[in-house]
1. Could you look through the stretch 142-174, keep only residues that are more than 16 Å from the ligand (Cβ to nearest atom) and not in a helix (DSSP H, G or I), and pick out the one that is surrounded by the most Cβ atoms within 10 Å (Cβ to Cβ)?
2. Working only within the stretch 32-72, note down all residues that are of a type in the set (Lys, Arg) and in contact (Cβ under 8 Å) with a residue 24 or more places away in the chain.
3. Restricting the search to the stretch 73-132, which residues are in a helix (DSSP H, G or I), more than 16 Å from the chain's Cα centre (by Cα) and either in contact (Cβ under 8 Å) with a residue 60 or more places away in the chain or not assigned by TED's automatic domain parsing to the domain that holds residue 213 (or both)?
4. All but one of (1) free of Cβ contacts under 8 Å to residues at least 24 places away in the same chain; (2) surrounded by 15 or more Cβ atoms within 10 Å (Cβ to Cβ) hold for residue 189; state the number of the condition that does not hold.
5. I'd like to know if the stretch 108-124 contains one or more residues that are surrounded by 17 or more Cβ atoms within 10 Å (Cβ to Cβ) and under 26 Å from residue 43 (Cα atoms).
6. Quick one: what pairs do we get from the stretch 207-220, first residue in contact (Cβ under 8 Å) with a residue 40 or more places away in the chain, second surrounded by 14 or more Cβ atoms within 10 Å (Cβ to Cβ) and aromatic (Phe, Trp, Tyr), C-beta under 8 Å, 6+ apart or different chains?
7. Going by the structure shown, is residue 137 closer than 30 Å to residue 39 by Cβ, within 16 Å of the ligand (Cβ to nearest atom), at pLDDT 95 or above and out of contact with any Pro (no Cβ under 9 Å at 6 or more places or on another chain)?
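The values are calculated or read from the model by the stated rules, or taken from the named source; none is laboratory data. Since we're looking at a predicted model, the values are computed, not measured. We place every Cβ from the backbone using ideal geometry, glycine too, and count neighbours over all the protein chains shown.
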Amino acid sequence: MATACPIDRAAVTDPSPMSSWREQRNERSRLRLTKALPPVFPAVVLRHALARPLVPPQPRLAVESYWRTHPIRADRLARALAVRSGTPKDWAWTVRTPSRADPAPFRSPPAPYRDLAHARGPGHCCVCGQPVYRLGWHRDLWGDGRPNARAKWHACCVAAWKTWVAPAAQIALLRKVQRRRCALTGARLLRDAEVDHRVPLFAVWRDHRGRPWPELLAFWGFSNLQAINRAAHRTKCAAEAGERASSRTTAGGSPPT
Ligand SMILES: [Zn+2]
């Protein structure tokens with residue numbers, strides 16, 4: 001994953017036509033990046049940075065750009081790190097009572113290490129609970145032997161968290177992964193296609209909340225996301241609303257607590 005660098009200029013792709021403004025800007029950015037690079041830097045991140053249409057001028061921005069551009073990897077890695085931490089002792093997933101301002105509090109992914117009661121302190125990620133090293137990296141590539149005490153997030157966990165709380169932003173990627181076919185009907189995805197949770201989040205709360213925490217996160221990740229046409233989405237939502245109503249009746253109308 002890591003390599004000693006100087007920058008390999010051969011790795012720079014040269015998408016053309018590139019404006020002279022962009023060329024000048026990228027030349028300056030490459031120089032700044034070269035100067036600022038630590039002796040060891042993840043090779044995949046460097047290759048990614050140098051191939052960007054706009055080269056990030058700082059190592060940290062290069063790392064952020066890498067995970068932002070690879071949200072599926074970020075999602076997988078963040079959940080793998082969460083497995084390493086495990087569910088904190090005495091923790092259970094709870095949500096606020098639904099209100100007008102927040103009618104579906106179960107939509108937020110459970111994050112025990114963001115709670116003060118379970119936070120692991122300086123240098124640990126508030127999403128997965130694992131140590132955070134230089135540049136928000138998840139491994140100690142530099143042999144520091146201790147995490148970066150000022151860091152609270154892994155760069156990969158930032159990208160994963162953004163997907164989990166705002167999955168609609170991944171519509172373009174899902175379209176591509178699904179070869180522009182609606183995951184429900186198989187029809188061609190239209191411009192109005194929307195992102196949907198295969199297992200709806202209310203059902204995650206209702207049926208799966210007793211599962212170990214790292215497993216729960218999968219319901220917010222790409223394995224539970226799909227792009228579907230708006231009409232199919234409406235039909236699915238209507239069926240789910242009916243199912244919720246009947247399960248409330250059966251359960252005596254108990255809200256989440
Ligand atoms: Zn993390």
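1. So, considering only residues that are more than 16 Å from the ligand (Cβ to nearest atom) and not in a helix (DSSP H, G or I), the one surrounded by the most Cβ atoms within 10 Å (Cβ to Cβ) is 142.
2. Within the stretch 32-72, 32, 47, 60, 68 meet the criteria.
3. 85, 105, 106, 112
4. (1)
5. Yes, the conditions are met somewhere in the stretch 108-124.
6. Correct list of pairs: 209/93; 213/91; 213/93; 216/93; 217/164; 220/164.
7. Answer is no for this residue.
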